[in-house]
Structure formats: C-alpha cells, structure tokens
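First the structure, then my questions, so here it is.
The values are calculated or read from the model by the stated rules, or taken from the named source; none is laboratory data. Keep in mind that what you see is a predicted model, and the values were worked out from it rather than measured. As a convention, Cβ positions derive from the backbone with ideal geometry for all residues, glycine included, and neighbour counts pool all protein chains shown.
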Amino acid sequence: MKVARGLLIIAVAIAIGCAHVAAPPSVRETVSSIHHRLRTTVAPEELVVMTPEQALSYLTEEEKEILGSEHITFSVNVPVVVSVFRDVTQGEVPFWLEGREFQKGEGQVQVEDEHFEVWSRPFPAGVVGLGVNSIGGGGDHYFVSIAPVSPQAKVVVSDIHPDQHTLGEMKLGEQVYAGSGDRVAALPEALEGQILLRGDSGRRREAQITGVFQVTEYPATVQPDQILLTWSDDPRTTQTIQWRTNTEVTSGTVRYIEAARAAQAQAADWREVAASTAPLENNVVVNDPVCHRHTAVLTGLQPGTTYSYAVSDASTRGWSASAEFTTAPAEPVSFSFIYQGDVQMGFDGWGKLMETARAKHPEAGFHLLAGDLVNRGNERSYWDSFFHYSGGIFASRPLVPCLGNHEYQHNQGPWLYLEMFTLPENGPTTIPPECGYAFEYSDVLFVVLDGNLPASDQAQWLEEQLAGSDATWKFVMFHQPVYSAGPYRDNPEIRELWGALFDTYHVDLALQGHDHAYLRSYPMFDGKRVSSPAEGTIYIVSFSGMKMYELGEHEYTEVGMANVPTYQVLDIDAETHTLTYRAYDVDGVVRDEFVIDK
C-alpha cells in the first residue's frame, strides 16, 4: 500500500517516565519464569539442544500471549495496516506472526547489506501489541511500518512502549534502529512514506529461551573460589574481598593480619570480619543454578601496608590458602598497574596473556579492565570461565572494571556484573550505583565511566571529579572509544561531551576497549592532533581476548595493530613525574611504548 507522505501525521506522545493506563505484563519476568520451569522440569541434556519449536510446546497460552503481544506496544487513532520486517537469515519465524494472522507479502526491504521480508495485517484503532523478536535468539531485530487503512486518514501514533522505539519515515537512507546507523538501502515503492517504528538491536535476544541453557565447566563447591579483591571505598584504608561457594556454605569470614607479622602470629593475633552472604541464581546454568557469594569489607587498615588474609566458611573454619593485598599509599609513591581491553571470548588465550603479565610484572599493583569482560554478561558460566582462566591473580591484585555493552546482555541491564563486583558508589547520581566511580591512588586520579548510558548523564559529575582533583595524573576509563580503532564505529556524543572535558582539565590518558583492535592516538585536543602530551590527551583502545576486528585507517592514529591481543603496563615515577607506557603481547614482547614527562 503506497501512502502519500502528506497524509501522515506522526506524533510521539510518550516521554520518559510516561506509562500506559495499565502497564503491560513483563516479558522479562515471563521469560525468567519459563527459564526456571524448564530448568527444573526438563533434563539438562535435553535443555542444551532444545529447539524453538520444541520450547513452544512447554509454554502456557498466557505466556504465549505475553510473548506474542507485549514486546512493543503503541496506540493508533484510526485503523491501520502494520507491517513487520523480519531478518531473512533469522531461521525461526516468530511464532506470533502466523499465530496472529500476519501474512507474508511480496518484496523485501534492504538495510545496508541485509534483507528483511514483510509480514502485514490490519489493526483497528486503539492499542497495537507486537511480539518478541525471537525465542531462539537468532536474527536482527525487526522494525515496523504503519499505514492507514483508508488512504485519506491521518495516523497519529502515541504511547510507544518501550519509548526507545522511535518513529521515522520509510524512505531511502532512513535509520531503522534506535541508536544505530543501519539505514534503508532499497524498499518496495508501496512502502514509501509510511510511518517507520524503529527496532532496538539491544532487544533482539530479550526473550531468548533456547540456546541459552548451559553446563558450567566450573561449578561451585564447598571450597572457596573466585576470590576477588575490589575497592568499594578508600583504597588507602579499606579492602573489599569477595568469593564464591556452593549453597552448602551459608556464611563466611575473612581473617587478616599485617604480612610482616603473619609468620610468627598466633591464632588470636588474626583479626576476623564476617562476610555478608547472598544467593546468586542464574536459571540458565542447568548444573549449578545457585551459588553463594560472600563479601567482606575490611576497614581501618593502614595505608601502604601489605596484609595476609584467608577466607572461610565461618562454621567450619576451612580456610583458603593465604594471599596478600597491599593498601594504597598515604603519600605519592612510584607504582605500576596493568590495563587491558575486552576479554570477552577465548579465555584460554587470555589466560596465557595473564600468565605472562603475572610472571613479568609481579610488581603491578592492580588491574584495570575496560569492559566486555565476558561475551554474555548475564550468563554465569561465562564468569565462571573468566575467573578460572584468570589464574587467581585477582586474589592478590585488585580488579578495577568498567561496563561494556556485553555486560548489558539481552537489554536486562548489567545485573550479573553488579552482583559479581562490589564497587564504589560515589559515581553520578543520574546513573545506577557502581556503574561509574572514581578513586585516587598515589598521585593519580582514576575516573571510571559507563559508555552504555547517556554521556550527558555523567558529564557534570565527570567535570566535578576532574576539576576537584589536584592529582598530577588524570586517567579516565570507559568502554566505547572517543576515537575508534575500527573503520565503521563512532561515538560522537562521548567525543563531544567527555572529550571536551578531557581538553579543559587535561586528562592524560583515556583507556578504552570495544573495537577489538589496538590503537594509540596522537595527543588530541579539540578533535585535532597536537604536538605533545602536554597539550592534549592520548587515547588508547586495546583488547586482550581472542575476538578480533578490522583496524581502520584514521588520521588520529599514531600506532595501530590488528590481531594482537595485549596487556599494558603503566609505570608512574613519583619523583621524576614520569609515566612509562608499554603494550606487551602474549610472549612478553613490547609492541608499543611511549613516555610522558611532566
């Protein structure tokens, strides 16, 4: 149906915080309930190979109704024809299309190099509900067009839920996804001028039921493992310690003492702190769905002091092997730390990189990881592999992480990341706690941001941190780069809002990930190359796992490498005010280096 563009009136009557008169049922809660029921009623060997067609037979009619009509809802003022554009490579046809009498039409819409077939049906005026993209997880998210049944009618679209599914126009060059640059390359003439309801690529696996069940290779036991140091308060006087056990262990304790006293200490000399214990449930892990996470925060520690510690089940005192941590110094001292980009996939290869880093740089005080620590951040088996291949290094060197897009899996938010890590809550009040934070170590300010959330929501807080610190060095870490390493990626909002603040307050280094290639920029100021680090910020993009992308050619690139996972060691000399940066490959070979003198 071709509709004259002048006859369409597009109206968006929803704003953030605006809700329907009756809120739609939660697809997320429904999927969680289905996961739980399948895990408890179907044999694990059947679950891991279950097909979408087989999964449908386990769903109730109510669940099918929710999954088939509550993924996207909107209202129209007149009868309309709604067309759903489905990725032809998806394999599985969403069950609700045929079930709700959508008809497959002729022709396809081309978006970039991909093709989408057309499924259409009429709807009366009122609320229109559309179903989930897939229960098998395949294919790009669909997008939608809306046209009046009567060519003379004027369509008003309102009450869109979720509101990131914004409106546009079906035409060449139009962006079909919210927050994505994928654009229409070809479409049938009959569709031109219709109202476009954009899809959201982040929601394509929101209702995935099959292909998600896993058998973790590293289930929890009564023995403490995944022992992890983080900072959730002042690194000079506190230390946060976390670990995992199975559910047989219902409590935990940390005992600790100054390392210099440990060898001669009696049992009564060790101080003890009770941990908080909470269940961590992940329905998709069929052989170990629930474990216990234990967290203790040690306070009142002495700055610049090394402590020995062990963790235990408080009822049995079955202590772990002793490990050590060192608090941050009270005054500026020389130190080094390790920074890495995305791990995400290929944990065995990353583990070898970690072995090299640990052997060659035992003096490194802590580790920064710039997001995408795992590939599927809300599935615990990936975290189990991450900790296994880390070789236990985070039991003696604190981990300082930030959020990548893969921690925001399935549009569920980074809930499992936030369960795994106890981090400072001193970040912007405009974003969830622990998604952004800041701390000082020696004479360095570290600011951690969340590039998945609006840059504008963090800009004021970022400026307060940079303006309020008199540290000699200022480093900022986040996932999505200001200057991308790849040929097709760009993050203009981050560059415009955060980059301008880096210029104003002279951030020395921006430590980033996301692009799976290595890039070091020239010193940059106001989007232009400058002659020295004293005049601008150096932007680093790196990765440390086995997933690798193409390296683009950019005027801002001083050093670029494809297909080379690296770890970076940054040495700060407090006396000479010198920073020495080196990037190493898995063999410990230096692949890039530079020095900044202040």
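Is one or more of the residues making up region 351-364 touching a helix residue (DSSP H, G or I) at 6+ places or on another chain (Cβ under 6 Å) and either assigned to a strand (DSSP E or B) or not assigned by TED's automatic domain parsing to the domain that holds residue 451 (or both)?
No, because not a single residue in region 351-364 is touching a helix residue (DSSP H, G or I) at 6+ places or on another chain (Cβ under 6 Å) and either assigned to a strand (DSSP E or B) or not assigned by TED's automatic domain parsing to the domain that holds residue 451 (or both).
For region 368-426, what are the residues that are acidic (Asp, Glu), more than 24 Å from residue 233 (Cα to Cα) and assigned to a loop (DSSP other than H, G, I, E, B)?
379
When you go through (1) assigned by TED's automatic domain parsing to the domain that holds residue 142; (2) touching a residue at least 24 places away in the same chain (Cβ under 8 Å); (3) out of contact with any His (no Cβ under 8 Å at 6 or more places or on another chain) one by one for residue 254, which number turns out not to apply?
Of everything listed in (1) assigned by TED's automatic domain parsing to the domain that holds residue 142; (2) touching a residue at least 24 places away in the same chain (Cβ under 8 Å); (3) out of contact with any His (no Cβ under 8 Å at 6 or more places or on another chain), residue 254 misses just condition (1).
Let me confirm something: among 515, 508, which residue is within 18 Å of residue 492 (Cα to Cα), charged (D, E, K, R) and either at pLDDT below 95 or in contact with a Lys or Arg (Cβ under 7 Å, 6 or more places away or on another chain) (or both)?
Details: 508 fails: within 18 Å of residue 492 (Cα to Cα).
One residue alone meets the criteria, 515.
In addition: In region 434-483, which residues are under 18 Å from the mean Cα position of the chain (by Cα) and either in the same structural domain as residue 236 (by TED's automatic domain parsing) or charged (D, E, K, R) (or both)?
434, 450, 457
Here is a further query. Could you please let me know if residue 108 is farther than 26 Å from residue 32 by Cβ and either under 36 Å from the mean Cα position of the chain (by Cα) or among the acidic types (Asp, Glu) (or both)?
Here the answer is yes, as residue 108 does meet what is asked.
Filter region 364-379 for residues that are modelled with pLDDT of 95 or more and of a type in the set (D, E, K, R) and give the result.
372, the sole residue that qualifies.
If you don't mind, there's one more thing I want to ask. Based on what the data block shows, is residue 163 surrounded by fewer than 17 Cβ atoms within 10 Å (Cβ to Cβ), of a type in the set (D, E, K, R), farther than 23 Å from residue 27 by Cα and modelled with pLDDT under 95?
So residue 163 fails the test.
If you don't mind, there's one more thing I want to ask. Suppose we keep only residues that are of a type in the set (Lys, Arg) and closer than 19 Å to residue 121 by Cβ within region 39-94. Which one would you say is nearest to the chain's Cα centre (by Cα)? Before the answer, list the steps.
Restricting attention to region 39-94, the residues satisfying the condition of being of a type in the set (Lys, Arg) are 39, 64, 86.
From the residues that got through so far, the ones that are closer than 19 Å to residue 121 by Cβ too are 64, 86.
Values: 64: 29, 86: 26 Å.
Among those residues, the one meeting the criterion is 86.
Among the candidates 486, 552, 499, single out the residue that is in contact with a His (Cβ under 8 Å, 6 or more places away or on another chain), surrounded by 15 or more Cβ atoms within 10 Å (Cβ to Cβ) and assigned by TED's automatic domain parsing to the domain that holds residue 350. First the steps, then the outcome.
Details: 552 fails: in contact with a His (Cβ under 8 Å, 6 or more places away or on another chain); 499 fails: in contact with a His (Cβ under 8 Å, 6 or more places away or on another chain).
After ruling out the rest, the residue left standing is 486.
Tell me, which residue of region 75-107 that is of a type in the set (D, E, K, R) and loosely packed, with under 14 Cβ neighbours inside 10 Å is nearest to residue 52 (Cα to Cα)?
So the residue we want is 98.
Only one of 208, 194 is within 23 Å of the chain's Cα centre (by Cα) and crowded, with 21+ Cβ neighbours inside 10 Å. Can you tell me which?
Step by step, each of 208, 194 is checked, and only 208 is within 23 Å of the chain's Cα centre (by Cα) and crowded, with 21+ Cβ neighbours inside 10 Å.
Just checking: which of the strands (runs of 3 or more DSSP E) contained wholly in region 139-179 hold 2 or more residues that are touching a residue at least 40 places away in the same chain (Cβ under 8 Å) and closer than 21 Å to residue 206 by Cβ?
143-148, 157-161
List pairs: first residue in region 494-522 and over 22 Å from residue 342 (Cβ atoms), second residue of a type in the set (Gly, Ala, Ser) and surrounded by fewer than 24 Cβ atoms within 10 Å (Cβ to Cβ) anywhere in the structure, Cβ distance under 7 angstrom, at least six positions apart or on different chains.
Between residues of region 494-522 that are over 22 Å from residue 342 (Cβ atoms) and residues that are of a type in the set (Gly, Ala, Ser) and surrounded by fewer than 24 Cβ atoms within 10 Å (Cβ to Cβ), the close pairs are 497/455; 497/456; 497/459; 501/459; 505/467.
Can you name the condition, by its number, that residue 301 falls short on among (1) modelled with pLDDT of 95 or more; (2) assigned to a loop (DSSP other than H, G, I, E, B); (3) of a type in the set (A, V, I, L, M, F, W, C); (4) under 30 Å from residue 44 (Cα atoms)?
The one condition residue 301 does not meet is (4).
Further question: Quick check on region 143-160: of everything there that is crowded, with 17+ Cβ neighbours inside 10 Å and among the β-branched types (Val, Ile, Thr), which residue is farthest from the chain's Cα centre (by Cα)?
Per the stated criteria, the residue is 155.
Ok, one more. Do you know which residues across region 565-598 are exposed (fewer than 15 other Cβ atoms within 10 Å of the Cβ), touching a residue at least 12 places away in the same chain (Cβ under 8 Å) and in a loop (DSSP other than H, G, I, E, B)?
Within region 565-598, 575, 576, 577, 587, 588, 598 meet the criteria.
Against the conditions (1) surrounded by fewer than 20 Cβ atoms within 10 Å (Cβ to Cβ); (2) touching a residue at least 60 places away in the same chain (Cβ under 8 Å); (3) polar (S, T, N, Q), where does residue 426 fall short? Just the number, please.
All conditions pass for residue 426, except number (2).
I've got another one for you. Please state which of the following conditions residue 182 fails to meet, knowing it meets all the rest: (1) surrounded by 16 or more Cβ atoms within 10 Å (Cβ to Cβ); (2) under 26 Å from residue 53 (Cα atoms); (3) among the charged types (D, E, K, R).
Here residue 182 meets the rest and fails (2).
Name the residue, out of 320, 336, 308, that is over 23 Å from the mean Cα position of the chain (by Cα), in contact (Cβ under 8 Å) with a residue 60 or more places away in the chain and assigned to a strand (DSSP E or B).
Answer to the check: 336.
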